[in-house]
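Notes follow once the structure below has been shown.
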Amino acid sequence: MNQTKKYFTLIFIICILVSDDIPAQQTMQLTVQPAKPIAPIQSTLWGIFFEDINFAADGGLYAELVKNRSFEFPMPMTGWKEIKEKDSRNKILIVNNAAEATANLRYASISLHGGSYGISNEGFRGMGIYANAPYNFSVVAKNETGAVKVKAQLVNASGKIIGETVLENFNSDWKKYTAVISTTDTAQKGKLNLVFEGTGTVDIDMVSLFPQNTFKNRPNGLREDLAQKLADLKPGFIRFPGGCIVEGRDLTNRYQWKTTVGAVAERKLIMNRWNVEFKNKLTPDYFQSFGLGFYEYFQLADDLGAEPLPILNCGMACQYNSGEVVALDALQPYIQDALDLVEFANGAVTTAWGKLRSDMGHPLPFNLKFLGVGNEQWESQYFERYKIFEKAILSKYPDIKIVSGSGPSSDGAYFDMAWKELKQLQPSLIDEHYYKPPKWFLDNASRYDNYDRNGIKIFAGEYAAHPKENNNAEGRNNWESAIAEAAFMTGLERNAAVVHMASYAPLLAHVEAWQWRPDLIWFDNLRSVSTPNYYVQKLFSVNKGTHVIPILNNEQLVVGKDSLYATAAIDKNTSEVILKLVNISGIAMTVNLNLEKTTLQKQVAKMFVLKSADKEAFNTFDKPGMVIPVEKQLDVKNNKMDLVLDGSSLTVIRIAVT
Ligand code: AHR
């Protein structure tokens, strides 16, 4: 054998030896049966879970840029710093007005003896300010003595003024003063300075700064980019306000919807429970101003075409914290809150709470259909209280669908107890939660295959795959977690007969102020980034269809065998077959697809592929496109076709049929 021949023989032998590692294409025969719908898919199947955690409301979705705008934080100067000339007697005094006010107790009194004096607000980890944009500044003020004027200045991190307005001639009665500030530069970490000049004393309260550009340009509105990301999900419902925040660490710290509606200045501030929840993530400046309260929530649901799903406190504080419960004979105010919320949402404008809704700007009802009683509660104390709520709600509002909890665990003794108890009662839906490693999601994609088709429906109310820790804030939202959720979600959709609602949790996180991760959307003061998990949610939600149909391999439903998870639907409104295929293996998979007894309308189909070869891949502010869906055109000649599913991918295909 000459040298060259020897060399090629050796290469050939090596190839044979390592051939196990060379990706081999698998072929899968799939049959889809559009003529055999299994169950309708609820319009509510894919929704969103909102909780004020990770600065999701104040400092996040709620577009207010001033932190502690009415000096109500326990330390009234939190977020504020004095700008004081050396040896000046000019000063600020925090005055408590408890005799006149109920919620907004404090104001600041500024006294000047000449020269100038200022206070500077740092915002929520700085203020994100855009160049050439109008900002609505307002302050409630009263002149006490003399004549003082105030310059409201937007400054960037180096102190350069990038926008300014001047207010003067304050009235001797409290009055709101407004001005529009136009900006010259962008600032990632801007500040608002109030610089006072003159002599005398002026009192100020409710210092506010909003971008004019809020979602749908609503006053007291929402941050446009974040709300738009929520709108793009086309959610079927919005769960609000949580989560553990519903419960509170103790009962005084619970979420009370009535303190979140009416005049913004009169909404009573409380500490956000996530302020102190995790010792390694203490967030001492985290409070709930309730600027984004129940009216704004209903308005958002209305704007997004989503069903509102409020979750209410059931007379129990968080069982991981105080576990405090209300005595059964003292439960009535809690029940009344639930009944009054239905009236606030749906009542005629002639009712007390319907009138408030109307006065706030929405005479038409919000059409509330669902109400959740309790969040993650367990043991007999929950069921004793739940029963009383259920009876009271259904006797006054028999059409309201009640959502009950099943506790924080996806299985185990408390979970089993919950199901046993609730089967004797009348909830329309049971809320199940699972924060688990990615493998759990792959192993549990068939979780609902054997749930009773005629039983209580499921609300998968909080779930997320939690991969191992990562040093980057957004790093736990990696492809490994997202593809596991996609695989699991095929099981939710396949079981649409049982699963009527599902929402990933939590929704939003400020990159510099988070307590919990992974989360669906990350943001800083100016930018937001969609995670791979967000794109999975979006692909399922915007490609929902109206009915589940069978997708079979060897006459068996495709549920994860040989690395393939799948679900199929038809959309009777658009006449399309919609396939969702998740190939969890790292190698491409060839699929022979037969759309049984189907005639195609067009020779092309739409295909969306979300994939990554790297299970650790995630999207960042600087590289938001590491894992994003790519839209392709798929040539289809007749109802039998070959498809190649990329390794480690979610593929969604929409095929127009007659
Ligand atoms: O989503 C974060 C928290 O997880 C929720 O507040 C709570 O319900 C669950 O334990």
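The values are calculated or read from the model by the stated rules, or taken from the named source; none is laboratory data. Since we're looking at a predicted model, the values are computed, not measured. For neighbour counting, all protein chains shown are included, and Cβ atoms are generated from backbone atoms with ideal geometry for every residue, glycine included. Note: areas computed on protein heavy atoms with side chains; ligands, DNA, RNA excluded. Shrake-Rupley method; radii C 1.70, N 1.55, O 1.52, S 1.80 Å.
Computed values, structure above
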| item | result |
| --- | --- |
| Contact order relative to length of region 75-183, as percent, for alpha carbon pairs under 8 angstrom and 6 or more apart | 24 |
| Value of relative contact order over region 514-658, rounded to a whole percent, pairs C-alpha under 8 Å and six or more apart | 28 |
| Solvent-accessible heavy-atom area per residue, rounded to whole Å², over the chain at 1.4 Å | 41 |
| Euclidean distance between Cα centres, region 276-306 to region 73-109, Å | 25 |
| With all protein chains modelled, accessible area of S43 [1.4 Å, Å²] | 80 |
| Selection from I129, Q603, G647, by position along the positive dipole direction of the chain (Cβ) | Q603 |
| Of every Cα-Cα pair in region 187-289, the percent that sits beyond 19 Å | 66 |
| Positive dipole terminus of the chain, leading residue within T27, F170, I270 (C-beta point charges) | T27 |
| Solvent-accessible area, 1.4 Å probe, carbon plus sulfur percent, for the chain | 52 |
| Calculated SAXS-style log₁₀ I(q)/I(0) at q = 0.14, 0.15, 0.18 Å⁻¹ - region 470-617, Debye, Cα scatterers | -0.76, -0.85, -1.13 |
| Normalised convex hull volume, the chain, alpha-carbon set, Å³ per residue | 204 |
| Rounded to the nearest 20 debye, dipole of the chain from Cβ charges on Lys, Arg, Asp, Glu | 1000 |
| Amide H partners (placed H, <5 Å) of A101, local residues excluded | none |
| Descending semi-axes in whole angstrom, ellipsoid equivalent of region 29-77, from the Cα gyration tensor | 50, 10, 9 |
| Loop chymotrypsin sites (Phe, Trp or Tyr not before Pro), region 488-585 (other Cβ atoms within 10 Å of the site Cβ: 12 or fewer; DSSP) | none |
| Rounded, prolate or oblate (a/c below 1.5 giving rounded, otherwise prolate when a/b exceeds b/c) for region 377-443 by Cα gyration tensor | prolate |
| Cα convex hull volume per residue for region 449-527 (Å³) | 105 |
| Local electrostatic count at A101 - Lys and Arg +1, Asp and Glu -1, tallied over other residues with Cβ under 11 Å | -2 |
| Over the chain: helical MRE at 222 nm, DSSP H runs n ≥ 4 each giving -39500 (n - 2.57), nearest 500 | -5500 deg cm²/dmol |
| Relative contact order (%) - criterion: Cα under 8 Å, at least six apart; region: region 212-356 | 24 |
| Filter on K544/K623; K268/K355; K369/K606; K160/K229; K457/K611 - keep pairs with C-alpha separation over 23 Å | K544/K623; K369/K606; K160/K229; K457/K611 |
| Signed unit charges on C-beta, dipole axis of region 290-387, positive-most listed residue V325, Q336, G347 | G347 |
